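Data first, discussion second: the structure below is written as structure tokens.
The values are calculated or read from the model by the stated rules, or taken from the named source; none is laboratory data. Please read these numbers as outputs of a predicted model, since none were measured by experiment. In this analysis, Cβ positions are derived from the backbone assuming ideal geometry, glycine residues included, and neighbour counts consider all displayed protein chains. The accessibility values were calculated without ligands, DNA or RNA, using every heavy atom of the protein model including side chains. Shrake-Rupley method; radii C 1.70, N 1.55, O 1.52, S 1.80 Å.
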Amino acid sequence: MRFPANSIYSFLLFAFALFALLPVAAPAQSAEALPAIVGIVSDGEIPLGGAIVTEKNTPNSVQTNDNGEFVITPQKKYPATFVVKFIGYETREVLVSRDAAADSVHVVLQSIDYTMKDVVVIAYGQSSREKLTGAVSKIKEAAIEAATDNSPLTAVQGTVAGVYLEQTSGEPGDAVNLVVRGKTTFNSSTPLYVVDGVPFVSPIDNPLALINPRDIKSIEILKDADATAIYGNRGSNGVVLITTKRGTAGKLKVGLKLSGTSEWIAPRLDYLNTEDYLKMRHEAAAADVERGEMLDEEYTAINYPDFFKWSSTDYTDWQKVLLSHKSFATDAQLSLSGGGETTTFITNLGYYNTGSCSMGDNDYTRFTGKTGINYTSPNRRFKFEANMLFTRLVNNTHNDATPLYYVCTPPNMPMYDDNGHPYYSTGKNFERAPMATLEVQNESKTTSMNFAFVTSYKIWKELTAKVNIGYSHSSNNYESIYGTYHESPYVGGSSEAKYTNSHSESFLAEPQLTYRTPLFGGTLNALLGASYQFNSTKKTYMLGKKYPDDHLLYSASASGSIAEHYTAKYPTKAVSVFARLNYDYKDRYIGNLVVRRDGSSKFAPHHRYGTFWSLGAAWLFANENFVKNWAGSWLSHGKLRFSVGHTGGDGIGNYLYLNNYKTFKKNYKGFVSIYPANAANPDLTWEKTDKKDIGLELGFLDDRILFSTTFYHTKSYDMLTLMKFSAQTGFTDVTANLDAEVFNYGFEFELNTVNIRTKNFQWNTTFTLTLPTNKLHSFPGIEQSAYSKTYAIGRSLNCVYGYNFLGIDPQTGLGMLEDVNGDGHIDPEDYVFIGNTDPKFYGGLTNTLRYKDFSLDLTFYFRRKPFAPSFLQTNPYATGTVNTTREIYNNSWRRPGDVAKYIGFTSSAGTSVADNYGDLLQSQYGYCNASYLRLQNVRLAYHLPEPLLKQLRFTSAEIYLQGRNLFTITPFDGYDPETTKKGALPIPSSISIGVDLKF
């Protein structure tokens, strides 16, 4: 069934406006004084079940139910004062007048600590941390805002055990790799992102770059089968739940947050100056002559312009030119919220602008808007919630190749020629022209809209009907403009332009029934639901050439030739039914059963449906009488939990069980041709994963010390991947289920402590540690397969095959590589396992100190990763052909008998040394230790005291100074041990100053 975007969009806007008027049309509540006070306690958005409401100076007290609701009759006359307490939240006194007692009272508490009473958002509901049977980690609002202005995902790094995050580049908006408990598939291990209950659709590599971190209330990460199975195949790689902020009852609240940030790239390598560079080049040329690999007639100005044409005294610090640009970021946020006891609203507007620390007038601008309305009928039976997120993201960059590719440019090479164009040389080692990167202009414009509607009605006390409706629409227009001088005129450089447009939409409908009832001395919670999701993506691409002038490159119609073009559309559907039973027996024994049946249009009808399930259990042994008698008051929490489950995945392209056809990007004699795009495989079926999880949680001294440890084990099989076969069939591969098994297992540790807590001073510490293991457990026939030099039994999926490096030959200065098959040749047949790029362990340490009106937050992140691409991988040219660092120059081989760290010099490509260097980069020689300890974040804040706030008419005001990535301790030999991808820009350091005002 096709859902036109325009009609859905119009319907959702109409529904949004209609329900926004509900509070206006709602009947007025009676002003007659009530004998009892009815109210709700929440953290502003999520109800707090188990809070204690006590009439001040009386024994009159009640406890809120699981929905945060309470009813209490004051013993004294009005006005009455009530004290509201909840572990981990600030105690609050509330004065209720006779008139106010006639309305429902909403009490909002502020979170202060990490406790077992924390409310955690889970799939299709919420729970206290204490009663979770699954593995769920939560990141609160303050931690998200302190971590980043750009992408909220960076708040995960080091704060959540079992979740590995690595930034691919220091460019704003670039992709972030997030993996939950290891790589479980040969395909993407990207988790499912859910925003306000709706799967998030994004047309860019970093999906959450489209979400303003200031709009987020919390991030929950679901890790085990108990927590993720209810999402079926979509949750097989873990689930990231993002809950945005809601309005709170009370008078209009206005928030204004402003900050300015200065960013720079801190590490610098010691490259040779012109004098030392030319000295190295002469040494390299002499070595080539001695080896008989350079003739006198080759020693010319054409081949060696740095000797004969360029000045021997001019010096350009290419690091400074390419990487020393300071970027200034501006962040401005305005929020409005308020409402009455039945209706609350929130509106946030955000503006964020920054640039890149690399060369060029780069610009990254994000405009965001968030609006939300919550309505609860006076009898609290009907609830409606609507949330909308809007983002406009514009990203302009000028680098077609990364700046690190050019830092080894000769220091005496000119920037521009006599005509003001980027300087290109005829020299065979100097095809690069750093300033030509400015001839490339990339512009990405992304628009994203996400709507989430939740309507529920309490049919009777135990039974509630609920419907989630979600719709998202996103578009991305990407233009890559290549000016005439983007490549050397000596090879016939010309201008061209690439235009890519993509549009995605998603519609989701999920009706649900929840039932809650006492049963056999405990409480049964049941959920029954169904899900329908429709996704559609359309992409259009065109490559234009032969433009009459560079000024016309932004006009596709001005191209003299359309060299390539195509349009593709990808619709998919998924239908599901799911159920969950949760039973809590006397706050001691908890069981949780989940079943989901998924259908996916990616598989043939006879394989279209899969059943996924999980079973979780928890024993809160600290609530047992015999434990209380033995442990006394020092053990405040103790829980043993266990879960098993079966999930699956469909992470492949669309309709590969059929023969699909594509159009050629290029025309043939003016006609468009089509060709078969894949070999059909009607036997494709679900990739499957079995998960096991066991955890122990302990709390001491009223939860001032909280410790948890978890062992997890996953087995993935029927792996979906490409199977190679003979090209005589017309195809080189086919998508199929591979008879292989992948194991992921490891230990997770989390420790939260309140070290000191007095009236004026508090010190909290959070520590996380993860010890992961990933390995290919079985792969029948791997030795005869196309994967024999890619994977190995007992090794990680991130293993690296290459040559075995035996050291530098002291007599020749060449690197020695093992001839594994003994055929006298060094070629890929000699590849062996040389390492894997998995971290051995990773974690974080956060300290939060508060003294009176001051607060200080310090976050460290660490990881041990002994094998990663080294700095040498950035430069494909052998030492002596281009500039290099002083460390490499001083430790290179020069004469027979030298015991050196690096091979000898050569002045040209194509020599034995240059060929040897290329082979060495595919051995341990091209890898190094990328472990590090980093001061991730430090934040000092001053909160204006109460008397001054009253004078300024603020409800709160904060001034803060923040630094990110201020220092790193590492043995890594390049710029940044995290962004080790070839040529990736280092993550910048930054200092921010800002104010956060509320009135």
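Simple spin-label estimate for Q110 and L701 gives 2.5 nm between the two label positions (7 Å along the Cα-to-Cβ direction from each Cα). Within region 363-414, what whole-number % of the accessible surface is contributed by carbon and sulfur, with the 1.4 Å probe and all protein chains included in the calculation? For region 363-414, the apolar C and S fraction of the accessible surface comes to 56 percent. The separation of region 601-660 from region 57-75, counted between C-alpha centres, amounts to 35 Å.
Kirkwood analysis of the chain, using all unique Cα-Cα pairs, places the hydrodynamic radius at 31.6 Å.
Looking at this model, which pairs from K140/K573; K183/K538; K458/K586; K691/K840; K326/K840; K138/K982 are more than 23 angstrom apart at the alpha-carbon? With Cα atoms farther than 23 Å apart: K140/K573; K183/K538; K458/K586; K326/K840; K138/K982. Remark: spin-label model distance T91-K950 equals 2.2 nm, labels positioned 7 Å along the Cα→Cβ axis. Quick one: if the Förster radius is 45 Å, what FRET efficiency do T347 and K326 give, using the C-beta to C-beta distance and rounding to 0.05? With R0 = 45 Å, the Cβ-Cβ based efficiency is 0.85. Each residue of region 59-68 was assigned a 3J(HN,Hα) from its phi angle through the Karplus curve 6.51 cos²θ - 1.76 cosθ + 1.60 (θ = phi - 60°); the sequence is x, 5, 8, 9, 10, 6, 7, 5, 8, x Hz, with glycine and proline shown as x.
Counting protein heavy atoms only, region 459-537 has 61 percent of its accessible area on carbon and sulfur, 1.4 angstrom probe.
Partner aspartates and glutamates whose Cα lies under 20 Å from the Cα of K309, excluding those fewer than 8 positions away in the same chain, are identified as E275, D276, E283, D296, E297, E298, D317, D417, D418, E431.
Helices in the chain, meaning DSSP H runs of at least 4 residues, each add -39500 (n - 2.57). Divided by all residues, the mean residue ellipticity at 222 nm is -2500 deg cm²/dmol. For the chain, the longest principal axis of the alpha carbon atoms and the long axis of helix 5-20 meet at an angle near 30°.
Calculated accessible area for the chain comes out at 43 Å² per residue, all protein chains present (probe 1.4 Å; ligands, DNA, RNA ignored). Is there a pair in K217/K950; K789/K865; K85/K759 whose C-alpha atoms are over 24 Å apart, and which pairs would that be? Beyond 24 Å between Cα atoms: K217/K950. Distances between placed amide hydrogens fall under 5 Å for G49 paired with G68, all partners being 5 or more residues away or on another chain. Shown for region 553-646: the carbon plus sulfur share of the solvent-accessible area, taken with all protein chains present and a 1.4 angstrom probe, equals 62%.
Protection proxy ranking of 366-379, 846-859, by the mean of other Cβ atoms within 10 Å over each peptide's residues and highest first, is 366-379, 846-859. The length gained on full extension between Y609 and Q63, counted as 0.36 nm times the residue separation minus their Cα-Cα distance, comes to 192.0 nm. Computed extension gain for Q784 through D361, at 0.36 nm per residue and net of the alpha carbon distance, reaches 147.1 nm. Averaging Cα coordinates gives a centre for region 789-824 and one for region 164-179; these two points are 30 Å apart.
Backbone geometry of region 270-287 corresponds, through the Karplus equation with coefficients 6.51, -1.76 and 1.60 at θ = phi - 60°, to 3J(HN,Hα) couplings of 8, 7, 5, 7, 4, 4, 6, 4, 5, 4, 5, 5, 5, 4, 5, 5, 5, 5 Hz, x marking Gly and Pro.
Couplings for region 757-766, taken from phi via the Karplus curve 6.51 cos²θ - 1.76 cosθ + 1.60 with θ = phi - 60°, read 9, 10, 4, 10, 9, 9, 9, 10, 9, 10 Hz in order; Gly and Pro are left as x.
Note on I991 and T190: their simple-model spin labels are 3.7 nm apart, each label 7 Å out from Cα toward Cβ. Using the average count of surrounding beta-carbon atoms within 10 Å as a protection proxy, the listed peptides 673-684, 706-717 rank, highest first, as 706-717, 673-684.
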